[in-house]
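*Asks:* Dropping the structure in here first, questions after.
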Amino acid sequence: MRSKKPSVGLMAALTIFTFTLFLSGTRAVAQEKVLLNFSGKNGDAPYGSLILDAAGNLYGTTIDGGGDVGAVFELTPTGGGAWTEKLLRSFHGGPDDGGTPYAGLIFDAAGNLYGTTAAGGFFGDGTVFELTPTASGLWTRKILYSFGENSKDGFEPFGSLIFDADGNLYGTTYGGGAVAQVCSNSSATGCGTVFELTPKAGGGWSEKVLHSFGNGADGRNPYSNLVLDAAGNLYGTTSFGGTGSSCSDIGCGTVFELTPKAGGGWAEKVIHNFTNNGKDGFLPFSSLIFDAAGNLYSTTAEGGIGGSSCNSSGCGTVFELTRRAGGGWAEKVIHNFTNNGKDGIQPIAGLIFDAAGNLYGATSFGGTYAKGTVFKLSPATGGSWAETVLHSFGNGNDGRGPESTLILDAAGNLFGPTLGGGTYAKGTVFEIKR
């Protein structure tokens, strides 16, 4: 394994910023309930987002524990508000297995699960895997691809996968690629890739790198998953790189678009460079989402015009990208986190919409107890957005440090994991009732 995903502390060190957290007595405004406390044996440090199946069961991953270096788990509602956990897979990190799954899972139409591990596999640089349910209730694991076969196929896939309509898988790797450049906090060359996995006619999968980052101002080190538009274009973020230089010597991050070419291949275009000069935010670690009009939304972990308690770096933002009539995209910060004792700071997690057009997300720190928040942004008059903090973590064993994108069930209840906290200080799965 080359390196672990940078923690929030390491991110701060990379950008030479520090944060001062302080407490306040404000209470949360929504009801939070812990559904599962991780103890180590059943997993430790759930980082990836959860998913729901049609029966209302929850699935997720942990980056550690589960017997060795991570796990896949299922939570089943058993009535009366209780949930039962089942360990579907423990990772051991060897050449015939993956390890340290930072990403969440996705389903195919047949009910199989797909995910990535940042370590393990035949070459030790991460894997793409599939879990298939059996009649006995067990799940069988198959490695679809092991990264590190050469210096160009990428390594350390931290983000989750997406499917296109033809059954091809797309994802990103933090490092590697065809550009021979040392990037970020890794001693290995390559600034990351966008890759595609295509099922072969006779079985198996073939990998193809669609773009290698690091050649100039195109961004570097993508952490999160991609999104597809109706035309088949891919969109994503890179946490570093781009033309912005006020944040650090490795750039402030980008939003990019990959467009398929008529004769084959893909063309990459940066549609926004974060600079922090205009207080537009920087360090976008999360994925993008579309609204019904085709606008893009996400978060930056730092930047914005937050209060002085976050120093000159800002406390993080929620931003919107809209298409300009004459071409290109315009960025607008729709919320600046402030660290005012109620508001959160450092949103590593992405966003989700509800049916009414409200946005939901989480911050890793800040809030009443400085352990993170769950927040809601509602459209207001004049194009502004109003924030409501739904829950502040740290009041007991309710978890701390949520860094994953939340999910909504059909009733409008929110679910997510916390990276730490809980009864055993190894993380939780929580629910916030509507």
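The values are calculated or read from the model by the stated rules, or taken from the named source; none is laboratory data. Bear in mind the structure is a predicted one, so any value in this text is a computation, not a measurement. Note that we place each Cβ from the backbone using ideal geometry, even for glycine, and neighbour counts take in every protein chain shown.
Here's the yes/no breakdown for (1) surrounded by fewer than 18 Cβ atoms within 10 Å (Cβ to Cβ); (2) out of contact with any Pro (no Cβ under 6 Å at 6 or more places or on another chain); (3) of a type in the set (A, V, I, L, M); (4) in a strand (DSSP E or B):
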{"position": "GLY171", "(1), (2), (3), (4)": "no, no, no, yes"}
{"position": "VAL194", "(1), (2), (3), (4)": "no, yes, yes, yes"}
{"position": "GLY216", "(1), (2), (3), (4)": "yes, yes, no, no"}
{"position": "THR237", "(1), (2), (3), (4)": "no, no, no, yes"}
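*Asks:* Let me ask something else about it. For segment 353-365, which residues satisfy the criterion of being at negative phi and part of a loop (DSSP other than H, G, I, E, B)?
*Replies:* Once the filter is applied, which keeps residues that are at negative phi and part of a loop (DSSP other than H, G, I, E, B), segment 353-365 yields ASP354, ALA355, ALA356, ASN358, SER364.
*Asks:* How many residues does segment 327-352 contain that are of a type outside the set (Asp, Glu) and outside any loop (DSSP other than H, G, I, E, B)?
*Replies:* 10
*Asks:* Looking at segment 207-238, which of the residues that are over 12 Å from the mean Cα position of the chain (by Cα) and polar (S, T, N, Q) is nearest to ALA165 (Cα to Cα)?
*Replies:* Only one residue tops the list, namely ASN233.
*Asks:* Now for a different question. The conditions are (1) over 22 Å from the mean Cα position of the chain (by Cα); (2) more than 22 Å from SER287 (Cα to Cα); (3) of a type outside the set (D, E, K, R), and PRO379 fails exactly one of them. Which is it?
*Replies:* (2)
*Asks:* Exactly one of (1) crowded, with 22+ Cβ neighbours inside 10 Å; (2) within 15 Å of GLY344 (Cα to Cα); (3) not hydroxyl-bearing (Ser, Thr, Tyr) is unmet by GLY416. Its number?
*Replies:* (2)
*Asks:* Are any of the residues in segment 248-262 part of a strand (DSSP E or B), charged (D, E, K, R), closer than 22 Å to THR193 by Cα and under 21 Å from the mean Cα position of the chain (by Cα)?
*Replies:* Looking through segment 248-262, at least one residue is part of a strand (DSSP E or B), charged (D, E, K, R), closer than 22 Å to THR193 by Cα and under 21 Å from the mean Cα position of the chain (by Cα).
The rows are residues; the columns are (1) assigned to a strand (DSSP E or B); (2) surrounded by 15 or more Cβ atoms within 10 Å (Cβ to Cβ).
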position: LEU87; (1), (2): yes, yes
position: PRO95; (1), (2): no, no
position: ALA110; (1), (2): no, no
position: TYR114; (1), (2): yes, yes
position: PHE129; (1), (2): yes, yes
position: THR140; (1), (2): yes, no
position: TYR145; (1), (2): yes, yes
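*Asks:* Pull up segment 43-85, narrow it to residues that are among the hydroxyl-bearing types (Ser, Thr, Tyr) and surrounded by fewer than 14 Cβ atoms within 10 Å (Cβ to Cβ), then point me to the one that is modelled with the lowest pLDDT.
*Replies:* Among residues in segment 43-85 that are among the hydroxyl-bearing types (Ser, Thr, Tyr) and surrounded by fewer than 14 Cβ atoms within 10 Å (Cβ to Cβ), the one modelled with the lowest pLDDT is THR78.
*Asks:* I've got another one for you. More than 16 Å from THR317 (Cα to Cα) and crowded, with 24+ Cβ neighbours inside 10 Å: which single residue out of THR423, THR381, THR428, THR405 fits that description?
*Replies:* Only one candidate passes the filter, namely THR428.
*Asks:* Out of segment 331-342, which residues are buried (at least 24 other Cβ atoms within 10 Å of the Cβ) and either in contact with a His (Cβ under 9 Å, 6 or more places away or on another chain) or of a type in the set (A, V, I, L, M, F, W, C) (or both)?
*Replies:* Once the filter is applied, which keeps residues that are buried (at least 24 other Cβ atoms within 10 Å of the Cβ) and either in contact with a His (Cβ under 9 Å, 6 or more places away or on another chain) or of a type in the set (A, V, I, L, M, F, W, C) (or both), segment 331-342 yields only PHE337.
*Asks:* Test GLY80 against the criterion of being on the phi > 0 side of the Ramachandran plot and out of contact with any Cys (no Cβ under 9 Å at 6 or more places or on another chain), and give yes or no.
*Replies:* Answer is yes for this residue.
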